[in-house]
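Undergrad: Dumping the structure here so I can ask a few things about it.
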Amino acid sequence: MLSSLRKFSETIIAKFFILLIALSFAFWGINDFFRSGYSNTVAEIDGEEISFNQFLKEFNKIVKNNNIESEKIAIKKNIHILAISNIVSEKLLKIHAKKLGVFIDDTTIAIEIKSSQEFKDKEVFSRTKYEKFLLERNINSKILEEQINKNLKKKFITESISGFIPNNKKVSEIVLQNKINILYEDFLRKNYKIIINEKQLNSYLKDI
């Protein structure tokens, strides 16, 4: 069998066939060659794609963080919907922050960390408290800095649109914050074109 294949590989027909494959890769690329009639995209925001791999990463993170027994149970609990929603929210934040020209540098993040009461001992920044905070939450400094970056961007955007909510002192801070969060999400989702490829997503979910 192997000797027959070796003989065939040396023929002109085989060489011509291999040349055709090589030309296909050269003109269209490996990804496009394999994706003909197939899409890895589960959602789009103003043309920016969200791949299944991005979705799966967020989905698995939620499953792990909530100690859900299996992916099948997670799907029954609609965790896949939460995962898509989280990714869309994060993408919207990045797109809108970029549109507004909001940029958070390392110095700003460092100031935010050092001024946080969470990491202070007698009103002075404590490296020990900072390290303890990371250990207790099983995260590293990079993850914390990324979260602070997102929070600062969200705060900037929220403050730019939250003037529409009357600051009623009778309303509790939690209720007011919830209203602001709803306004923030509603504002971003109405200002950008979001497409969820439910058919493609459901097709993937069947194989999980």
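Undergrad: Only sites in a loop by DSSP and with at most 11 other Cβ atoms within 10 Å count here; which trypsin sites (Lys or Arg not before Pro) in the range 100-158 make the cut?
TA: Working: sites: Lys114, Lys120, Lys122, Arg127, Lys129, Lys132, Arg137, Lys142, Lys150, Lys153, Lys154, Lys155; in loops: Lys122, Arg137.
Here the trypsin sites (Lys or Arg not before Pro) that fit, given the DSSP loop and packing criteria, are Lys122, Arg137.
Undergrad: A follow-up question, please. Which far-off residues, 5 or more places away or on another chain, put their amide H under 5 Å from the one on Ser126, with H placed in the peptide plane?
TA: Lys120, Asp121
Undergrad: Using a cut-off of 14 Å between beta-carbons, work out the net charge of the residues near Glu136 (Lys and Arg +1, Asp and Glu -1, Glu136 not included). Intermediate values should be presented prior to the final figure.
TA: Working: positive: Lys129, Lys132, Arg137; negative: Glu118, Glu131.
The answer is +1.
Undergrad: Write down the accessible area per residue of the range 47-91 in Å², having rolled a 1.4 Å probe over the full set of protein chains.
TA: Details: 2750 Å² over 45 residues.
Value returned for the range 47-91: 61 Å² of accessible area per residue.
The values are calculated or read from the model by the stated rules, or taken from the named source; none is laboratory data. These figures come from a predicted structure and were not determined experimentally. Positions of Cβ are backbone-derived with ideal geometry, glycine not excepted, and every protein chain shown enters the neighbour counts. Note: accessible area is taken over every heavy atom of the protein model, side chains too, but ligands, DNA and RNA are not part of it. Shrake-Rupley method; radii C 1.70, N 1.55, O 1.52, S 1.80 Å.
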